[in-house]
Each structure stands twice: as C-alpha cells, then as structure tokens.
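To keep things clear, I will list the structure first and then write my remarks on it.
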C-alpha cells in the first residue's frame with residue numbers, strides 16, 4: 001500500500017526562484033523519513049522539525065516509510081523554508097490535509113512547538129511563484145506584510161502547522177499559537193537633505209544635478225572639508241521615485257538581505273559602506289547561502305564610497321564589471337547566484353594622504369610625489385574610465401561664500417528640472433529598453449543618437465591623440481545628451497560636448 005501527496009515550494013538562488021514540486025511517498029515498510037533531491041544540511045534536518053511539529057499540532061506523522069522528493073533534483077535546495085511544504089505534502093499523502101496540492105506554494109520554517117517561523121527572501125519567493133502561474137502562497141504571518149508588496153497572487157498567512165493543516169481541510173480543533181515575527185531593522189535611511197544648503201560649490205552642484213538627471217557615475221576629488229560628502233548625500237533626494245518594476249527589483253534584493261517589512265520602497269536606495277569593507281562585502285558572497293553585497297543593495301540607487309582612496313585597490317577594481325554590465329554573478333564552491341547591480345557610483349576622495357595637494361591658499365602639501373601617486377593609484381585607470389563625471393571640489397573660502405550668495409537651487413527646484421530631463425529621455429528612448437542616457441550604447445550614439453554636425457570634433461581629436469578611449473568617447477557623448485536634456489535642447493551641439501568634456505576632464 002502506498003500513497004503520494006504533492007505540494008509546491010520555491011528554491012531561491014540569489015534573488016531568483018525556481019518552482020519546486022514536493023512529493024511525499026508513504027509505503028508500508030520499516031518507518032523511516034528520508035529527503036532526496038539535492039537538499040543541503042539544514043534542509044536535511046527538516047525531518048526532525050517536521051516530525052516534532054506534526055506531533056504538537058495533533059496530526060502526527062504515520063508510522064510508515066516516508067520518502068520526500070524535491071524535483072527538479074538538479075536544482076540546489078537550501079535553507080529551512082521548505083519545512084512547511086514538506087510537512088503539508090506528508091499530511092496530504094496521509095489523508096490528514098486533503099486540500100494541500102501542487103497548486104499552492106508553501107513556505108516557512110517549522111519550530112519544534114509547531115509554530116511557523118518567517119524566512120528571509122519572501123519577496124523573490126512570491127515573485128517566482130506568481131511567474132510560474134501559481135495563484136496562492138501560504139506563508140508565515142511574520143512575512144505577510146512584506147509579501148503584500150507583490151501584486152497578482154493570493155496570500156494566506158499561518159502561525160502554525162495546525163493552522164496550515166486546517167486551511168487544507170484537516171479536521172482539527174483550532175488553537176491559538178503566538179506568531180513569530182521578524183525583528184524590524186533599524187531605519188538607517190538618511191532623511192532627505194536640502195541642496196540649497198550647499199554654498200560655494202557651483203561646479204559640484206552642477207555635477208550632482210547632471211548625474212541625477214542622466215544616471216551617471218561621479219568622482220568628487222578635493223581637500224578635507226570641501227563638501228564632497230555633503231554633495232553626495234544630497235544625490236538620493238534628487239532622484240525620481242522608482243516605478244513598480246524597479247521597486248520590485250529593489251524589494252527582492254532587500255528582502256534577501258533581511259530588511260523585512262521595509263523591503264518595499266519607492267525611493268532609490270542608498271548604500272555607504274566603510275572603507276574597511278572587503279570585496280565580498282561590496283559585491284556579495286557567503287558560503288552556504290549567497291547574499292547580495294553593497295553594490296546589489298544599492299541597485300536603482302546610489303553606492304557611495306567615501307574616502308575611496310582608502311579602499312584597497314582590489315576591492316575597487318571588483319566594481320569594474322558590475323558597473324559595466326549592471327549585474328554581478330557571485331561564484332562560490334557551492335554554486336553561483338546572480339544579483340542586480342545597476343546603481344550610480346559616487347566616489348569621494350582626498351587628492352593625497354594629507355589632503356592638501358593642489359589646494360590654493362591653504363596649507364602646503366607635505367606628501368612626497370611617490371606617496372601621492374601611490375595614493376591616487378588605488379583608483380585604477382579602467383575604473384576611472386567608467387566614471388562619467390570627475391570634478392575637483394575646491395575648499396570654500398569667504399570669497400566663494402560671498403560670490404555664491406545662495407545661488408544653489410533648492411532640492412524641489414532641482415528635482416523638477418531633473419524630472420523634465422528624464423521625461424525627455426523617456427520620450428526619446430521609448431521602445432529601446434533604456435530609461436536614462438547612461439544606459440544607451442555607443443552604437444546608438446553613432447546612429448540615431450548622433451549629435452549636431454561638428455559637435456564631436458573635440459572628442460574625435462582626443463580619440464586620435466590617445467587622450468580619450470572609445471569608452472570615454474561614448475561616456476562624454478552620453479553626458480552631453482544629459483546636459484542637452486537639462487537645457488531643453490533636442491540634440492547636443494558643440495557647447496554641450498564642451499561642457500560634458502569639462503565635467504569629465506576637470507581633474
């Protein structure tokens with residue numbers, strides 16, 4: 001005599017999920033419990049959690065041979081989020097929960113007392129279930145508020161295995177179980193800052209507004225106290241709100257990173273790791289469970305590296321590929337995972353170890369030339385070539401304070417200008433899959449996106465002389481398009497290219 005029960009679960013690798021069918025087979029042989037289908041250690045331990053939780057829930061597992069198969073077997077399955085799906089498949093095979101079937105995805109970790117504990121990464125799990133055509137997900141109540149960010153799927157929150165079994169038709173008396181909730185992380189998002197507070201830094205303000213409009217990377221180089229961090233911290237407030245697709249992508253990464261109910265946001269994220277961060281902390285990593293790094297947590301937002309020249313060069317160079325591709329694939333011995341990495345990089349650095357190199361009217365630099373070269377050499381040429389805007393931020397003096405006289409625009413005024421420029425970009429790039437000028441390819445710039453006749457003469461000459469690479473040519477033209485959009489012009493001309501070249505070659 002044998003019986004089979006089936007439910008569904010989701011195997012999560014990075015922020016991508018694969019629908020997994022959970023089959024439970026009961027036979028009249030020596031009582032054992034085995035799980036097959038490429039489970040990891042924590043998933044293999046589900047046997048004891050499921051058995052104990054089922055006993056406490058008054059629906060003990062039958063004393064028969066239980067074989068649970070997770071298919072497709074070629075997909076790695078990790079973590080304790082399969083516990084509820086395994087338990088419901090066994091109860092379905094035993095006839096205790098006849099309503100549990102493969103048309104419902106179950107996710108949750110079981111405690112020995114029968115409670116269903118929340119898990120990390122619930123948003124990409126629900127997204128994978130929806131994309132696979134599943135219209136119902138049963139999940140822990142502790143994940144319910146977070147999962148409601150995903151539209152188009154029915155969610156049922158359960159606090160215990162008993163509740164899940166009753167939901168699936170089990171004839172059991174209802175009982176109260178205190179639900180387990182995810183701890184709410186501290187809200188470390190900086191409040192919006194006012195751009196008009198910046199005084200005496202007209203070039204820096206113009207660079208930040210241009211970067212926000214076109215999605216360009218920025219390097220701010222200047223002495224201590226010149227206002228580099230102040231400028232960078234005002235960039236997120238200038239960026240437009242995320243659309244629904246972008247917000248879901250951000251929420252999936254934040255969910256895997258453990259942000260809980262605050263995974264969903266319409267504002268671009270902000271990440272500012274300390275300069276002691278390792279390459280794995282920046283690009284992602286881990287052992288059994290791969291986690292997103294700072295470059296992925298900042299996707300669709302800003303990654304700010306303050307004191308960039310204090311980062312080890314190998315850590316900074318790890319950003320070169322994700323900045324170009326917009327994605328990062330993390331490989332480890334146990335597998336690989338792909339994370340989004342489409343963010344704006346903002347670097348802030350001093351010009352030398354003492355911070356006074358090149359300053360006018362301030363303390364003299366005491367660093368030997370070899371120390372200055374070694375210090376700035378941590379920003380490699382290939383990395384700098386990917387930075388569209390590179391400006392020097394000068395030390396503010398009383399003269400520049402008087403000259404500025406509050407001329408920096410307010411954050412609201414700058415956002416309106418940026419919004420108008422973004423609307424021009426969307427109209428021009430409709431149907432291409434690109435949304436900002438920073439996304440366009442060199443092929444487009446030399447065909448449909450050609451500048452006005454004679455506008456690129458300076459760039460062509462620099463390319464022939466070797467002072468500008470082909471990638472640099474493309475990036476200057478993208479920047480020229482953004483400047484033209486901010487000015488309300490239909491196509492960049494020589495003036496826009498000169499201003500773009502000045503923003504890129506200002507160091």
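When you scan segment 237-249, do you find a residue that is more than 16 Å from the chain's Cα centre (by Cα), part of a loop (DSSP other than H, G, I, E, B) and farther than 22 Å from residue 423 by Cβ, even just one? There is no residue in segment 237-249 that is more than 16 Å from the chain's Cα centre (by Cα), part of a loop (DSSP other than H, G, I, E, B) and farther than 22 Å from residue 423 by Cβ.
Do we have any residue at all in segment 337-344 that's part of a helix (DSSP H, G or I) and either assigned by TED's automatic domain parsing to the domain that holds residue 263 or surrounded by fewer than 16 Cβ atoms within 10 Å (Cβ to Cβ) (or both)? Reasoning before the result, please.
Narrowing segment 337-344 to residues part of a helix (DSSP H, G or I): none.
Checked segment 337-344: no residue is part of a helix (DSSP H, G or I) and either assigned by TED's automatic domain parsing to the domain that holds residue 263 or surrounded by fewer than 16 Cβ atoms within 10 Å (Cβ to Cβ) (or both).
Inspect segment 323-333 for any residue being under 21 Å from residue 124 (Cα atoms), modelled with pLDDT of 90 or more and surrounded by 19 or more Cβ atoms within 10 Å (Cβ to Cβ) and give the result as yes or no. Yes.
Of the residues making up segment 256-289, those that are within 15 Å of the chain's Cα centre (by Cα), more than 22 Å from residue 312 (Cα to Cα) and part of a loop (DSSP other than H, G, I, E, B) are 257, 258, 259, 263, 264, 265, 266, 267, 268, 269.
Residue-level check: of (1) surrounded by fewer than 20 Cβ atoms within 10 Å (Cβ to Cβ); (2) in contact with a helix residue (DSSP H, G or I) (Cβ under 8 Å, 6 or more places away or on another chain); (3) modelled with pLDDT of 90 or more, residue 251 misses just (1).
With the requirement that a residue be modelled with pLDDT of 85 or more, surrounded by fewer than 21 Cβ atoms within 10 Å (Cβ to Cβ) and touching a strand residue (DSSP E or B) at 6+ places or on another chain (Cβ under 8 Å), what does segment 175-207 give you? Residue satisfying the conditions is 203 alone.
When residue 284 is tested against the conditions (1) at pLDDT below 95; (2) crowded, with 22+ Cβ neighbours inside 10 Å; (3) under 17 Å from residue 346 (Cβ atoms), the lone failure is (3). Within segment 306-317, residues that are in the same structural domain as residue 371 (by TED's automatic domain parsing) and free of Cβ contacts under 8 Å to residues at least 40 places away in the same chain reach partners that are in a helix (DSSP H, G or I) and crowded, with 16+ Cβ neighbours inside 10 Å with beta carbons closer than 8 Å, at six or more positions or on different chains, in the pairs 314/279; 315/279; 315/282. Of all residues in segment 66-80, those satisfying the criterion of being farther than 19 Å from residue 101 by Cβ and either at pLDDT 95 or above or in a loop (DSSP other than H, G, I, E, B) (or both) are 73, 74, 75, 76, 78, 79, 80. Against the numbered list (1) surrounded by fewer than 20 Cβ atoms within 10 Å (Cβ to Cβ); (2) part of a helix (DSSP H, G or I); (3) in contact (Cβ under 8 Å) with a residue 24 or more places away in the chain, residue 129 comes up short only at (1). The residue list 53, 57, 46 contains one member that is surrounded by 22 or more Cβ atoms within 10 Å (Cβ to Cβ) and within 18 Å of residue 9 (Cα to Cα), which is 46.
Tell me, which residue of segment 161-174 that is closer than 20 Å to residue 51 by Cβ and out of contact with any strand residue (DSSP E or B) (no Cβ under 8 Å at 6 or more places or on another chain) is surrounded by the fewest Cβ atoms within 10 Å (Cβ to Cβ)? It would help to see each step written out before you state the result.
We begin by selecting, within segment 161-174, every residue closer than 20 Å to residue 51 by Cβ; these are 161-166, 168, 170, 172.
Next cut, out of contact with any strand residue (DSSP E or B) (no Cβ under 8 Å at 6 or more places or on another chain) only: 162, 165-166, 168, 170, 172.
Details: 162: 25, 165: 26, 166: 20, 168: 21, 170: 23, 172: 15.
Looking at the filtered set, the residue picked out is 172.
A residue that is closer than 23 Å to residue 173 by Cβ, in contact with a strand residue (DSSP E or B) (Cβ under 6 Å, 6 or more places away or on another chain) and part of a strand (DSSP E or B) occurs nowhere in segment 83-104. Looking at 150, 158, just one residue is surrounded by 14 or more Cβ atoms within 10 Å (Cβ to Cβ), touching a strand residue (DSSP E or B) at 6+ places or on another chain (Cβ under 8 Å), farther than 30 Å from residue 410 by Cα and modelled with pLDDT of 90 or more, and that residue is 158. Scanning segment 43-65 for residues that are touching a strand residue (DSSP E or B) at 6+ places or on another chain (Cβ under 9 Å) and part of a helix (DSSP H, G or I) yields a count of 12.
Tell me the residue from 502, 480, 421 that is within 27 Å of residue 221 (Cα to Cα), free of Cβ contacts under 8 Å to residues at least 12 places away in the same chain, not assigned by TED's automatic domain parsing to the domain that holds residue 236 and not in a loop (DSSP other than H, G, I, E, B), please. Before you say what the answer is, go through the steps one by one.
Numbers: 480 fails: free of Cβ contacts under 8 Å to residues at least 12 places away in the same chain; 421 fails: free of Cβ contacts under 8 Å to residues at least 12 places away in the same chain.
Selected residue: 502, the only one of 502, 480, 421 that is within 27 Å of residue 221 (Cα to Cα), free of Cβ contacts under 8 Å to residues at least 12 places away in the same chain, not assigned by TED's automatic domain parsing to the domain that holds residue 236 and not in a loop (DSSP other than H, G, I, E, B).
If the condition is being assigned to a loop (DSSP other than H, G, I, E, B) and in contact with a helix residue (DSSP H, G or I) (Cβ under 8 Å, 6 or more places away or on another chain), then segment 363-377 contributes 365, 367, 377.
The values are calculated or read from the model by the stated rules, or taken from the named source; none is laboratory data. Quick caveat: nothing in here was measured; it's all calculated off a predicted structure. With ideal geometry, Cβ positions are generated from the backbone for all residues, glycine too; neighbour counts draw on all protein chains shown.
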